[in-house]
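Have a look at the structure below before the remarks.
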Amino acid sequence: MALFLADCLQEDPGLVLGLPTGRTPVPMYRALVRLHRQGRVDFSRATTFNLDEFVGLPAEHPGTYRAFMERHLFAHVNLNPARTHVPHGDAASPRAEAARYEAMIAAAGGLDVAVIGIGGNGHIGFNEPAASLPAGTNGVTLRRASRAANAAAFGGQLARVPHRAISMGVGTILSARHVLLLATGADKADIVAKALRGPVTTRVPASLLQLHPRAAVILDRAAAKKLTSR
Ligand code: F6R
């Protein structure tokens with residue numbers, strides 16, 4: 001995965017990347033940092049947009065996704081800080097911030113490669129299962145399960161995990177020229193099978209990727225184990 005991104009960056013050093021946080025991409029970030037230290041990947045002209053950010057945390061809070069990205073990638077590679085974007089979760093108006101973020105992605109020419117994870121309920125970014133989903137970057141309300149999955153960054157205390165986030169919309173993600181979905185671990189096996197083999201429905205937001213002409217899915221054996229061949 002990291003090697004694939006390194007190749008993409010070599011081909012197009014000005015790549016615009018969509019990036020996830022969470023448990024799944026940590027090994028990828030570790031590998032990218034290693035490749036950078038070996039002089040095998042150069043981020044100096046790349047631009048990044050993270051998928052999402054919690055609403056209401058002060059900028060210096062260690063639980064923000066900006067802090068996560070600093071810890072796992074930004075502080076260790078030669079990305080230009082001015083070209084690393086994470087929604088401002090402390091903005092006075094999350095709605096205005098979401099519109100600003102969407103406009104910035106458009107101004108950058110859209111995403112070349114969106115790397116995304118999948119929530120246990122099928123969410124992508126923080127687009128939770130629903131009867132309909134916003135296309136563009138928006139303020140969203142987090143499901144309890146999604147908050148629980150993030151509790152570790154808040155001392156294990158669910159009550160401390162924000163209830164709201166700003167997330168790229170499904171349209172923003174699906175407009176990326178390439179989408180790479182990463183999933184690892186047995187706890188993702190059921191939802192991966194639903195997303196890839198089930199009907200396309202906003203009740204399983206990741207199933208919308210079936211509509212994307214250049215979406216790739218990278219799974220470990222455990223996450224792939226409920227996929228049966230057709
Ligand atoms: C995080 C994000 C989420 C995660 C998903 C999986 O920026 O957008 O959709 O990708 O919740 O999280 P992990 O990898 O922790 O299982």
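The requirement of being surrounded by 21 or more Cβ atoms within 10 Å (Cβ to Cβ) and over 24 Å from Ala223 (Cα atoms) is fulfilled somewhere in region 110-121, by at least one residue.
Of the listed requirements (1) within 15 Å of the ligand (Cβ to nearest atom); (2) modelled with pLDDT of 95 or more; (3) assigned to a helix (DSSP H, G or I), Gly120 misses just one: (3). What about Thr184, is it within 15 Å of the chain's Cα centre (by Cα), modelled with pLDDT of 95 or more, within 11 Å of the ligand (Cβ to nearest atom) and surrounded by 15 or more Cβ atoms within 10 Å (Cβ to Cβ)? Criteria met by Thr184. If only residues of region 171-181 that are within 15 Å of the ligand (Cβ to nearest atom) and outside any helix (DSSP H, G or I) are counted, the one that is farthest from Leu5 (Cα to Cα) is Ala176.
Checked against (1) of a type in the set (D, E, K, R); (2) within 29 Å of Ser93 (Cβ to Cβ); (3) at pLDDT below 95, Arg147 passes all but condition (3). Every residue in region 24-74 that is among the hydroxyl-bearing types (Ser, Thr, Tyr) and within 11 Å of the ligand (Cβ to nearest atom), please. Scanning region 24-74 gives Thr24, Tyr65.
For region 193-226, how many residues meet the condition of being basic (Lys, Arg), without any contact (Cβ under 8 Å) to a residue 40 or more places away in the chain and outside any loop (DSSP other than H, G, I, E, B)?
Result for region 193-226: 1.
Whenever a residue of region 133-149 is more than 22 Å from Tyr101 (Cα to Cα), its partners that are part of a loop (DSSP other than H, G, I, E, B) and more than 13 Å from the ligand (Cβ to nearest atom), lying with C-beta atoms within less than 8 angstrom and at least six residues away or across chains, give the pairs Arg147/Pro162; Arg147/His163. Taking the criterion of being outside any loop (DSSP other than H, G, I, E, B) and under 17 Å from the mean Cα position of the chain (by Cα), the residues of region 154-170 that qualify are Arg164, Ala165, Ile166, Ser167, Val170. Of the residues that make up region 157-170, is at least one of a type in the set (Gly, Ala, Ser), within 15 Å of the ligand (Cβ to nearest atom) and open to solvent by 10 Å² or more (accessible area, probe 1.4 Å)? For region 157-170, residues of a type in the set (Gly, Ala, Ser), within 15 Å of the ligand (Cβ to nearest atom) and open to solvent by 10 Å² or more (accessible area, probe 1.4 Å): absent.
Sub-7 Å Cβ pairs linking a first residue in region 31-56 that is within 15 Å of Ala108 (Cβ to Cβ) and acidic (Asp, Glu) to a second residue that is open to solvent by 10 Å² or more (accessible area, probe 1.4 Å) and not in a helix (DSSP H, G or I), at least 6 apart or interchain, number zero.
The values are calculated or read from the model by the stated rules, or taken from the named source; none is laboratory data. Since we're looking at a predicted model, the values are computed, not measured. Note: ideal-geometry Cβ built from the backbone for every residue, glycine included; neighbour counts use all protein chains shown. Protein only, heavy atoms only, side chains kept; ligands, DNA and RNA dropped before computing areas. Shrake-Rupley method; radii C 1.70, N 1.55, O 1.52, S 1.80 Å.
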